[in-house]
Structures are given as structure tokens and as C-alpha cells.
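The values are calculated or read from the model by the stated rules, or taken from the named source; none is laboratory data. All figures in this text were calculated on a predicted structure; none of them were measured in a lab. Virtual Cβ from ideal backbone geometry, glycine too; neighbours counted across all protein chains shown. The protein model used for the area step is the full one, side chains on, heavy atoms only, and it has no ligands, DNA or RNA in it. Shrake-Rupley method; radii C 1.70, N 1.55, O 1.52, S 1.80 Å.
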Amino acid sequence: MSETTHAEHPKDYSGAKLGMWLFLFTEVLLFGGLFILYAVYLQRYPEGFKLGGDQLNVWFGGGNTLVLLTSSLSVAMAITALQRGRVRQAANLVGVTVIMALWFLVNKFFEWSAKIHHGIYPSSGHLKEMPGGEQVFFNIYYLTTGLHGIHVLVGMFVMTWVLILIRKGKVNPDDYVTLENAGLYWHLVDLIWIFIFPLYYLIL
Amino acid sequence: MNQTTSSPLQRGFWEATGGRRGIGAWIFSTDHKRIGLLYFYSTLLFFCVGALLGLALRLELFSPGADFFTPQQYNALFTLHGVVMIFLFIIPGIPAAFGNLVMPIQIGAEDVAFPRLNLLSWWLYAIGAILALTSLFTAGGAPDTGWTFYVPFSVRTTTNVSLATVAVFIIGFSGILTGLNFLVTIHRMRAPGMTWWRIPLFTWSLYATAWVQVLATPVLGITVLLIFAERIVGSGLFDPTRGGDPIMYQHLFWIYSHPAVYIMILPGMGVITDIIPVFARKPVFGYKAIAISSLAIAGAGSVVWAHHMTTSGMSDTAVLVFSLLTFLVAIPSAVKVFNWVATLYKGSISLDPPLLFALSFIFLFSIGGLTGLVLGAAATDVHVHDTYFVVGHFHFVMFGGTGFAYIAAMHYWLPKIYGRMYNRKAAVWGWALMTFGFIVLYMSMMIVGMEGMPRRYYDYLPKFTFWNQLSTIGSWILACGLIVIFVNIFRGLFRGKPAGDNPWGGASLEWQTSSPPPLENFDYEPEVTHGPYDFKRGCP
Ligand code: HEM
Ligand SMILES: [Cu+2]
């Protein structure tokens with residue numbers, strides 16, 4: 001239990017972290033809705049999902065998995081660096097994370113473009129001619145990776161913002177809960193991708 | 001909202017404008033009491049809007065045939081009535097308005113854990129409300145799907161459902177942030193001595209509600225996003241011709257919307273639980289049972305959603321399982337009702353307005369709850385599903401329950417916030433009219449529903465005329481009651497006699513500070529040495 005006094009308002013770190021964890025729960029549940037749909041439709045159309053999965057490019061998906069894992073590592077290292085007082089290094093590592101996020105999005109852009117070029121996107125005539133199972137597969141694929149992509153984009157902005165705060169000294173070795181929380185968010189975005197990758201690209 | 005009459009009263013937080021003037025002192029303030037009042041006045045506004053729409057619905061139904069509105073207009077009216085009442089009034093109503101106003105004071109904190117996030121929540125709510133209103137007049141006009149947005153109609157209709165879903169998404173996000181804020185506040189900001197078992201039960205109910213809000217609302221978020229995607233990019237996930245399944249929409253929708261009815265009712269129960277012991281001058285009966293039953297309702301309520309889908313074509317096993325689970329929720333609800341009654345038993349009761357509204361709550365909520373069992377039993381539900389019986393039932397719970405609790409909370413806590421008292425006799429008149437009108441209005445609906453009148457139609461068979469006319473007359477009586485109540489309470493709050501710090505003799509912390517409370521709630525560091533219903537030690 002914290003004891004706040006009227007004179008000063010010390011920052012409540014545990015409170016800030018608790019808030020962030022609750023927020024992460026809500027994110028998990030937001031994606032949870034899509035994963036439920038995935039589970040139900042997979043059970044209904046195992047064939048269609050297999051055929052759909054075969055058409056996704058494992059190299060793109062696998063590459064992006066590596067990119068995100070690396071970026072998770074760089075945030076984690078940034079936090080440690082800041083805790084140990086190495087401000088410069090921390091800033092650089094957050095910068096690396098931002099670049100990784102951008103890289104992920106560029107990859108995603110090419111991957112989606114290729115699919116769209118082949119006429120596979122939600123309301124395309126080509127997709128509508130495919131059997132139901134494959135249609136559902138691609139529709140969930142676009143929605144899930146799209147929603148995830150938006151999260152990567154948001155994460156990129158958050159990381160950039162934290163980078164600016166570090167530069168300005170507002171996030172520093174004595175007060176780094178903002179970086180920690182941004183890191184938690186980033187790990188979650190990464191974690192969700194770790195589920196998306198096998199479910200869509202490696203499906204048997 | 002600022003009052004102008006000069007008064008000998010201490011103005012407490014009303015004077016602390018933070019250097020801002022006029023409306024800016026409100027919409028940019030991070031003081032939980034100011035945000036609470038922002039929420040209070042916005043939810044009250046939408047309650048009035050929704051009530052007018054409800055009266056319009058009843059007016060159309062006074063006699064068979066299209067009298068005042070076209071069928072399309074009627075569809076838009078009930079959709080709007082539902083959306084406004086659910087998303088703009090009742091979900092934020094008690095937690096965001098009264099929760100913000102009194103919860104931090106009840107636990108002896110000076111504000112919520114994240115004051116700026118709190119303000120952001122209100123802004124998101126306001127933006128969502130504006131978008132919802134915009135959707136009425138733009139691109140295709142007012143949505144006509146009912147507040148449930150069921151596919152396939154919500155995907156095919158040309159009305160502006162897309163914008164309405166975005167509005168619901170944003171309002172939902174606002175609720176999540178409030179819930180998150182309250183959870184952290186209750187965990188981290190309690191005053192010294194405020195142990196978990198000394199927390200007032202209103203705050204306990206907010207705690208349970210906040211969990212449901214945080215855990216269930218994201219599912220609503222994804223559901224309305226899917227409707228949006230379905231309409232904008234044609235994703236077809238609920239379209240059977242494209243391999244989708246419309247029943248999946250119903251599942252997702254109710255996975256949120258059943259728990260949402262606990263977001264609506266739990267804080268109302270909390271208000272009642274705080275009021276009853278004060279006016280019975282007796283410690284609440286079964287404190288722990290009430291606190292735990294809130295959590296039990298929140299938990300059990302999360303696994304009963306498909307009782308709304310008995311006739312959807314879902315498997316019979318699922319129907320039976322969900323029916324059984326639904327009956328289980330009745331247990332913790334009944335625990336509360338019995339505890340309230342046991343608290344009253346042998347108390348020295350003073351029949352002040354807050355208690356009268358609380359008594360109506362118990363009565364009306366019990367009827368709502370028991371008729372809920374009729375709907376929970378699969379066999380009878382098939383018969384009354386989508387009839388006026390359902391409309392009667394959920395108004396008994398939501399309006400007779402939470403709506404009355406909201407008004408009880410106004411009579412109980414607003415004198416604390418404003419420092420002035422309303423006329424008690426007029427409040428009793430308002431209460432009598434409202435309760436009587438309410439019963440006439442909705443009891444008639446239940447009866448006509450049992451006779452087979454379906455909901456969501458502008459027209460009905462002539463044989464249903466009698467009950468419909470009675471119901472509409474009830475709606476007028478109820479409206480008179482509401483007018484008396486609101487006129488009286490606002491006259492009192494702005495011009496009434498000073499209320500004093502503890503007009504009701506409450507023992508929880510909000511009654512120990514001055515009325516109105518100072519900016520950071522207490523002039524001293526509160527130290528808690530007894531429970532919230534310990535009237536012997538709690539009252540000076
Ligand atoms: C003046 C008070 C009110 C009146 C006269 C009224 C009347 C009605 C009527 C006649 C309907 C049925 C429309 C139809 O199915 O054709 C209805 C539906 C509904 N009401 Fe009320 N109501 C009132 C207050 C409330 C309150 C306080 C709430 C919630 C807290 C509420 C929530 C709803 C909802 C959710 C629906 C369902 C809308 C839909 O079918 O999509 N109402 N109301
Ligand atoms: Cu339900």
C-alpha cells in the first residue's frame with residue numbers, strides 16, 4: 001500500500017506497471033476474438049486452411065519473426081543499459097528497435113502487395129471464387145496481420161517517443177518506468193506474432 | 001455548472017479551478033470530482049435523450065398502425081434508444097460518474113492513480129458520443145439494426161452502421177481506461193488502515209466491475225471492428241456464402257454483452273449496499289458475503305453469454321449447458337438481496353429519499369431477476385424469446401435496477417458534492433410517481449409479451465391494444481416522476497439549505513470530510529481505524 005502525502009506526489013512505479021499489465025490483458029483479449037474465430041473455422045475447414053497456409057510465403061513470415069525477436073532483444077538490452085546508467089547505449093538500442101519495427105512493416109508491405117497482385121484480398125473476385133475454407137482463411141489472415149501491423153506501427157511511434165524522452169533526459173537511469181512499459185508493450189506485440197506465425201504460415 | 005449565489009458555505013474543490021476559467025476549468029481538469037461531474041452531467045443528458053426516445057416509442061405504440069413515425073423511423077428510434085441508453089448512459093453511468101466522484105474519497109485517496117488518463121477517458125467518451133450522433137445524419141442516416149448490430153442485416157443495411165461501430169469502439173476504449181484506472185487506484189492508493197476488508201462495498205462493487213470492464217470490453221472492440229471490416233473491406237467472415245458463420249458474430253457479441261450487463265448492475269448494487277445500512281443504522285449484514293458475491297457474479301457472469309442464443313440454431317448441448325450456468329448466477333445475486341433485507345431487519349429505519357429509491361431497487365430488481373430465470377430456462381425461453389416479455393424483463397433489471405440506483409446515488413451523494421440539500425418531501429413524491437409509473441409501464445409490457453407480442457415492431461395486432469395503452473400511460477406517469485425528481489434535486493443543490501458534512505450519519509470516509517470536499521479530498525491525512533459500517537465508532 002502506498003502512502004501518498006499531500007505535499008509531494010512520488011511516482012508510483014508498481015502502480016504504473018500494474019496499469020500496463022492490465023492494458024496488456026486487454027490487448028490479448030482483443031486478439032483473442034480473432035483467435036477464437038481462427039480456432040472455430042480451422043476445425044470446420046482443415047483442408048481449406050492447409051491449402052491457404054501453403055500459399056503464404058514462409059520466408060517472409062520467418063524473416064519477420066527473426067526481425068521482431070531481435071527487436072525484443074534490443075528493447076530488453078536498452079532497459080538494462082539505462083538501469084546501469086549507460087544513457088547513450090540505451091538510446092541507440094531503442095533506435096535499433098524502431099528500425100526493426102520499420103523493417104517488419106516494409107516486409108509486410110511487400111508480402112501483402114504480392115498477394116494482392118495475385119488477386120487475393122478480402123473483396124476480390126478471385127478470392128470469392130475460391131472454396132469457402134480458403135476464403136475464410138485469407139480473410140482472417142488479412143484481418144489478424146492487419147491488426148497486428150497497426151500495433152507494430154503504434155509501437156514504432158511509442159518507441160520513437162521514448163527515444164526523444166531519453167534524449168531530453170526525461171527518461172533516465174532514475175526514472176525509466178516509461179521505457180519499461182513501452183518495452184512490455186513491445187514484447188506483447190512480438191508475442192502475438194509468435195502465435196500468428198505458426199498458426200498461419202506453418203499450418204499442417 | 002458554476003453557481004452564482006453568494007453563500008456562507010465553504011466552496012471546497014469548486015473554488016480550485018486550477019487557474020482556468022469557465023468551461024476550461026472543467027474539461028481540462030484532472031480532479032476526479034470535476035471529471036466525475038463531467039461524467040454525471042453527460043450521462044444525465046443522455047439519460048434524458050434516451051428517455052425522450054423511449055417516450056416516443058411508447059407514443060407510437062399507443063394504438064395499432066403507423067401513427068407518428070414511419071416503420072423506418074421507428075427502427076431508427078429503438079436502435080438509437082438502445083445505443084444511447086446502453087453505451088452512453090448505463091455503462092458509464094454509475095462507475096464513471098459516481099465512481100469518480102466518491103470512490104477515491106471512500107478509500108482515503110486524494111485522486112485516482114492516473115488523473116490524466118482519467119480525463120482522457122472522458123474525452124474519448126465525448127468523442128464517441130459525438131461520432132454516434134454524427135452517424136445519425138451522415139451517409140445513409142440513422143442506423144436501424146437495434147443496439148445489437150446483428151449480422152447479416154448490419155452488414156447489408158445502407159444506414160450508417162460503420163460510423164456507429166467506430167463510436168462504440170471508442171466509447172468501449174474509454175470504459176477500459178476507467179476500469180484500469182480504478183483497479184490500480186484501489187490496489188495502490190488506499191489510505192493507511194484501509195485494509196481490503198474495510199473497503200466500503202460500493203468501492204468493492206466498482207472493483208469487481210472494473211475487472212469485467214477490462215477483461216470483457218476488448219471483445220466488444222474486436223466484434224465491432226469486425227462489423228466495420230465486413231462493411232468496408234468486405235471480409236465476409238460472417239457471410240455463409242463465403243464460408244463464414246453468422247452465429248459466430250452472435251457468440252462474440254454476447255461474450256462481451258452478457259458480462260456487460262454486470263458492468264451495468266454491479267455498481268448499482270454497490271450503491272444500494274452502501275445506502276441501506278446507513279438508513280437502517282445497522283452494520284451491513286454479511287459484509288464479506290456481499291463483497292465476494294460481487295466477484296462471483298463477475299466470474300460466473302462471464303460464462304453464460306449464449307443464453308441469448310437459445311433460438312439461434314446452436315447445438316442443444318450448448319443450450320442446456322448455458323441454461324444451467326445461467327441459473328448459477330442467480331445464487332450470488334440472491335445472496336445480495338437476502339443480505340440487504342437482513343440488514344434492514346430490526347434496524348431503526350429512517351425513510352429518507354435515498355432509502356426509498358433503494359427499496360424500489362430491491363423490489364424491481366427482484367422481479368427483473370426472477371423473470372430472468374424464466375428466460376434462462378431453455379424451454380420457456382423458446383416461447384418468449386424476442387417478445388415484449390424480454391423488453392419488460394431487461395427494463396426491470398437495467399432501469400428498475402441500475403436506473404433507480406443512479407437516482408438513489410444522486411440523492412445520497414450529491415448533497416456531499418454540492419454541500420446543499422434538496423426538499424425531501426418533493427423527492428418522496430417524485431419517487432412515488434416514478435415507481436408507480438414504472439410498474440405500470442413495464443408490467444404491461446411483460447404481460448403483452450407473454451401473450452405473444454414481438455419486440456421491435458412499430459405495429460401490433462388489435463388484440464394487444466389494451467396493455468399497450470396502459471403501458472404508454474405508465475410511461476407518462478414515469479415521466480412526471482422524473483421531472484419532479486430532477487427539478488427538485490437541482491433546485492436543492494443550487495439553492496437549498498446547507499447539507500452539513502454528514503447529513504445521513506454515514507460512517508465511511510466520504511462523510512468525514514467537509515461538504516463539498518476540498519481539492520485533494522481531506523484537510524488532514526485520513527487514518528482508518530474501523531469498518532465502513534461501524535456506526536458506533538464511525539460517527540462523531
Ligand atoms: C422513459 C423510459 C423508457 C421507456 C418509455 C422505454 C421504452 C422502450 C420500449 C418501448 C422499447 C422497445 C422498442 C421495441 O422493441 O419496439 C425499449 C427498448 C429498449 N430499451 Fe427502453 N425505455 C425506457 C428507458 C430505458 C432505460 C433506462 C434503458 C437502459 C438503461 C433502456 C434500454 C433499452 C434497450 C437496450 C432497448 C432495446 C433496443 C433494441 O431493441 O435494440 N430503456 N425501450
Ligand atoms: Cu445475458
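Annotations
- Residue identified as in contact (Cβ under 8 Å) with a residue 24 or more places away in the chain, within 24 Å of the chain's Cα centre (by Cα) and within 16 Å of ligand 1 (Cβ to nearest atom) among B:PHE279, B:PHE253: B:PHE253
- Going through (1) within 10 Å of ligand 1 (Cβ to nearest atom); (2) touching a residue at least 40 places away in the same chain (Cβ under 8 Å); (3) touching a Leu at 6+ places or on another chain (Cβ under 7 Å) one by one, B:SER121 falls short only on (1).
- Evaluation of B:ARG231 against the conditions (1) surrounded by fewer than 24 Cβ atoms within 10 Å (Cβ to Cβ); (2) assigned to a loop (DSSP other than H, G, I, E, B) shows that the sole unmet condition is (2).
- Selection within region A:71-88 - surrounded by 15 or more Cβ atoms within 10 Å (Cβ to Cβ) and in a helix (DSSP H, G or I): A:SER71, A:SER72, A:LEU73, A:SER74, A:VAL75, A:ALA76, A:MET77, A:ALA78, A:ILE79, A:ALA81, A:LEU82, A:VAL87
- Only one of the numbered conditions (1) over 22 Å from the mean Cα position of the chain (by Cα); (2) part of a helix (DSSP H, G or I) is not met by B:GLY193, and that is (2).
- Residues satisfying the stated conditions in region B:477-496, i.e. modelled with pLDDT of 95 or more and either in contact with a helix residue (DSSP H, G or I) (Cβ under 7 Å, 6 or more places away or on another chain) or of a type in the set (Val, Ile, Thr) (or both): B:ILE477, B:LEU478, B:ALA479, B:CYS480, B:GLY481, B:LEU482, B:ILE483, B:VAL484, B:ILE485, B:VAL487, B:ASN488, B:ILE489
- Applying the condition of being among the polar types (S, T, N, Q), farther than 30 Å from B:THR273 by Cα and more than 14 Å from chain A (Cβ to nearest Cβ) to region B:304-340 and asking which residue is farthest from ligand 1 (Cβ to nearest atom) yields B:THR317.
- Out of B:THR435, B:THR402, B:THR465, sole residue that is away from every other protein chain (no Cβ under 14 Å), within 16 Å of ligand 1 (Cβ to nearest atom), among the polar types (S, T, N, Q) and within 21 Å of B:MET103 (Cα to Cα): B:THR402
Every residue, every condition in (1) within 16 Å of ligand 2 (Cβ to nearest atom); (2) in contact with a Ser or Thr (Cβ under 8 Å, 6 or more places away or on another chain), yes or no:
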| position | (1), (2) |
| --- | --- |
| B:ILE186 | no, yes |
| B:TRP196 | no, no |
| B:LEU201 | no, yes |
| B:VAL219 | yes, no |
| B:LEU226 | no, yes |
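- Test: residue in region A:18-41 that is in contact with a Gly (Cβ under 9 Å, 6 or more places away or on another chain), under 30 Å from A:GLY169 (Cβ atoms) and modelled with pLDDT of 95 or more: yes
- Residue match in region A:138-153 (condition: out of contact with any helix residue (DSSP H, G or I) (no Cβ under 7 Å at 6 or more places or on another chain) and farther than 26 Å from B:GLY234 by Cα): no
- Criterion: farther than 23 Å from B:PRO71 by Cα, open to solvent by 60 Å² or more (accessible area, probe 1.4 Å), touching a strand residue (DSSP E or B) at 6+ places or on another chain (Cβ under 8 Å) and of a type in the set (A, V, I, L, M, F, W, C) - qualifying residue of B:MET450, B:MET443: B:MET450
- Test: residue in region B:228-237 that is of a type in the set (Phe, Trp, Tyr), away from chain A (no Cβ under 13 Å) and farther than 30 Å from B:THR380 by Cα: no
- Residue match in region B:48-65 (condition: more than 23 Å from the chain's Cα centre (by Cα) and part of a helix (DSSP H, G or I)): yes
- When region B:238-255 is filtered for residues that are at pLDDT below 90, outside any loop (DSSP other than H, G, I, E, B) and either more than 9 Å from chain A (Cβ to nearest Cβ) or open to solvent by less than 30 Å² (accessible area, probe 1.4 Å) (or both), only B:ARG242 remains.
- For region B:13-36, the set of residues classified as over 18 Å from B:GLY419 (Cα atoms) and part of a loop (DSSP other than H, G, I, E, B) consists of B:GLY18, B:GLY19, B:ARG20, B:ARG21, B:GLY22, B:ILE23, B:PHE28, B:SER29, B:THR30, listed by residue number.
- Evaluation of A:ARG44 against (1) within 11 Å of chain B (Cβ to nearest Cβ); (2) closer than 15 Å to A:TYR141 by Cα (one fails), failing number: (2)
- Checked against (1) surrounded by 24 or more Cβ atoms within 10 Å (Cβ to Cβ); (2) of a type outside the set (A, V, I, L, M); (3) modelled with pLDDT under 95, B:GLY179 passes all but condition (3).
- Checking each residue in region B:112-153 for being open to solvent by 20 Å² or more (accessible area, probe 1.4 Å), of a type outside the set (A, V, I, L, M) and on the phi > 0 side of the Ramachandran plot picks out only B:GLY140.
- Extreme residue, nearest to A:ALA101 (Cα to Cα), among residues of region A:116-144 that are more than 12 Å from chain B (Cβ to nearest Cβ) and surrounded by fewer than 20 Cβ atoms within 10 Å (Cβ to Cβ): A:HIS117
- Annotation note: Cβ proximity below 7 Å between a residue of region B:460-485 that is in contact (Cβ under 8 Å) with a residue 40 or more places away in the chain and open to solvent by 10 Å² or more (accessible area, probe 1.4 Å) and a residue that is in a helix (DSSP H, G or I) and more than 13 Å from ligand 1 (Cβ to nearest atom) (sequence gap 6+ or interchain) occurs for B:ILE477/B:PHE436; B:VAL484/B:ALA426; B:VAL484/B:TRP429; B:VAL484/B:GLY430.
- Qualifying residue in region B:374-383 (condition: surrounded by 18 or more Cβ atoms within 10 Å (Cβ to Cβ) and within 16 Å of ligand 1 (Cβ to nearest atom)): yes
- Residue in region B:190-207 that is open to solvent by 10 Å² or more (accessible area, probe 1.4 Å) and among the small types (Gly, Ala, Ser) present: yes
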